[in-house]
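A short worksheet on the structure shown next.
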Amino acid sequence: MNRPDNLRPCLLSIKEHTTVQTEIFVVAYRFSPDNLSAMREEFPYVRFIVNDALSGFSENNNLALRQVSGDYCFILNDDTELRGPVIDTLLEDFSRLPDDAAIVSPKLLNADGSLQLCGRPEYPPVNYVLQQWHLYKEPIDNGSGLFRTFNISGAAFLIRTDIFRELGWFDETYYFTPEDIALSTLARRRGYTVWCDSGAAVVHKWRTTASRISPAIRPAAVRGSLIFFSRGSALRYFLLALGVWSAEMTKRIKAALTGRREELKTYRNITRSIFTGKSPKELFIRYFNEL
């Protein structure tokens, strides 16, 4: 996302902490020519894939994934840094896991070293609605050592390439969320297992990028989540959407009363998007062009 200040330490941490043979792809998403030239010069061993079109998480990742040749794919956000031999550790984990293991994720840390996420439990639709009302908070610590989990975070995880290809890579129906939960859910439905290793740590500075374009990201994310959790049922979508719309409208009114203009814009866009027929991508493009 044209952030060399994020990308540089990410790539340096891979080089410092990884001993296994790798091929590294960077999807240079809407990079300026100067930034792209500087990154190519500093990291000549990286394969840069230029994409200037408005694209979501799934679309960007899939541009690189369709070109991979390795036995495993390690997906990593640019706003991350490895803490120790994460890739080596996760690869070693596969030698100890059952044959049906598809994905292993590391522990995620905040920039200050505090725990962000360690495995993700089952996430039923009702919890998603409750979370919008601030009545549910996803647990951040769900196990220790190498343990089986339900879902992953798209910020960092290792997956077998053959299984990823079988699953169709990331589902491009979604734009920023819930691609990671959709992927791990699909893997489990196909009979595979998902794991987490708390001994492998990645720092995820997740507020440094997406928060700047929240009025465009959040409507697309909410619409995508409702599509995912409704599982093709119009009735289920309506019931979930009603609960989420009520929560977001409450936040919208509160933001208007307290004069928080940027938050008001985000909540306004969300409430306008929930009962629309537009795709998450169409919503993102619409609101991005208004920024």
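The values are calculated or read from the model by the stated rules, or taken from the named source; none is laboratory data. Being a predicted model, the structure only gives us computed values, none of them experimental. Virtual Cβ from ideal backbone geometry, glycine too; neighbours counted across all protein chains shown.
Observations, loosely collected:
- Number of positions in segment 38-59 that are surrounded by 13 or more Cβ atoms within 10 Å (Cβ to Cβ) and at pLDDT below 95: 4
- Candidates Ala234, Ala221: the one that is farther than 20 Å from Ala111 by Cβ, under 16 Å from the mean Cα position of the chain (by Cα) and of a type outside the set (Lys, Arg) is Ala221.
- Between Leu226, Leu239, the distinction of being over 28 Å from Ile87 (Cβ atoms), out of contact with any strand residue (DSSP E or B) (no Cβ under 9 Å at 6 or more places or on another chain), surrounded by fewer than 20 Cβ atoms within 10 Å (Cβ to Cβ) and not assigned by TED's automatic domain parsing to the domain that holds His17 belongs to Leu239 only.
- The set of residues in segment 187-239 being under 22 Å from Arg3 (Cβ atoms) and without any contact (Cβ under 8 Å) to a residue 60 or more places away in the chain consists of Arg207, Ala210, Ser211, Arg212, Ser214, Arg218, Ala221.
- Residues (under 18 Å from the mean Cα position of the chain (by Cα) and in a helix (DSSP H, G or I)) located in segment 29-78: Phe57, Ser58, Glu59, Asn60, Asn61, Asn62, Leu63, Ala64, Leu65
- The single condition from (1) in contact with a helix residue (DSSP H, G or I) (Cβ under 8 Å, 6 or more places away or on another chain); (2) part of a loop (DSSP other than H, G, I, E, B); (3) within 30 Å of Ile159 (Cβ to Cβ) that Phe275 fails is (3).
- Any hit, segment 226-241, residues being out of contact with any His (no Cβ under 7 Å at 6 or more places or on another chain), under 18 Å from Ser58 (Cβ atoms), among the polar types (S, T, N, Q) and in a helix (DSSP H, G or I): no
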